[in-house]
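Written out below as structure tokens is the structure these notes cover.
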Amino acid sequence: MGEMIQNQTATKLLCYEAYYNYIHSMYVSSEQDAAILAVIFMRMLNDSLKIKDWIQFFKSERKNLRIFVPLKHLFNKTVLDWVKIISNEWERSSSQLGSLNQFKLQIKFLSHCWTFSNYGSAFFSAAIPKNNHVHICVNYQGVHFLNKLTRELDFFYPYQDIIWKVHYSPDSIEFFSKKAKQSVLVYTKQNNLINQLISLGTRYSLTITSFLFLEITIDALFIALRHL
């Protein structure tokens, strides 16, 4: 029982961390992802409400959709468009999600977030010369460069492809792609921490999460799947 409680607690924390990053457009996601995760989160918040109740809630104020759809997607369509998209997804997934309890819904939400390429990242603000400001996202796959304006991925360096070097005065870190034979210099005051996480990532198969800056193994995340 103790292990089960711990797993549920860890799953809940990971789920709401994933929700926070997702709703703030920190993950590389599509409009289809937005619909799927919106429906799962709706059921997590209140599994007794019917879709007609949610439709009324969404139509009452546009900002209500902001709880479920990231801004990078929200303003690409009208409220009525999103109501239709979410309603269709609700109907499509009803047989799959309708009988799930809170814990299993959290697992569903998490398992979808796991498909995002930069899931499990620690995020750092940075600037690239003559370019937009970016978030450097460091996870077990490598280093992702997320455009702060578009919230889309500018480029990605897998660990096996990069060499990096820390610079000071000003604080920065330089990445060199062995495959593309090109380099990028990134200015950030968090260059030392990024260096430590990349060094860790190249040595171990770890998922690096921004939650309390803890490193959690992928195997540990999948323990909860045994309870589905």
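The values are calculated or read from the model by the stated rules, or taken from the named source; none is laboratory data. The structure presented is a predicted model; accordingly, all values stated were derived computationally and were not measured. Ideal geometry is used to build each Cβ from the backbone, glycine not excepted, and the neighbour counts take in all protein chains shown.
From Leu97, Leu80, Leu71, grab the single residue that is within 13 Å of Val28 (Cα to Cα), out of contact with any Leu (no Cβ under 6 Å at 6 or more places or on another chain) and not assigned by TED's automatic domain parsing to the domain that holds Leu185.
The match here is Leu71.
Which residue pairs have Cβ atoms closer than 8 Å, lie 6 or more positions apart in sequence or on different chains, and pair a first residue in the range 8-20 that is small (Gly, Ala, Ser) with a second residue that is surrounded by fewer than 16 Cβ atoms within 10 Å (Cβ to Cβ)?
Short answer, once both residue conditions are applied: Ala10/Ala220.
So which of Glu61, Glu91, Glu17 is among the acidic types (Asp, Glu) and closer than 30 Å to Phe175 by Cα? Give the derivation first.
On the way: Glu61 fails: closer than 30 Å to Phe175 by Cα; Glu91 fails: closer than 30 Å to Phe175 by Cα.
Only one candidate qualifies: Glu17.
Can you tell me how many residues within the range 41-93 are surrounded by 14 or more Cβ atoms within 10 Å (Cβ to Cβ) and small (Gly, Ala, Ser)?
Qualifying residue count, the range 41-93: 2.
Condition (residue is over 14 Å from the mean Cα position of the chain (by Cα) and surrounded by fewer than 14 Cβ atoms within 10 Å (Cβ to Cβ)) applied to the range 112-125: is it met by at least one residue?
Yes, that holds for at least one residue.
Could you list, in sequence order, the residues of the range 9-40 that are at pLDDT below 95 and surrounded by fewer than 17 Cβ atoms within 10 Å (Cβ to Cβ)?
Scanning the range 9-40 gives Thr9, Ala10, Lys12, Leu13, Tyr16.
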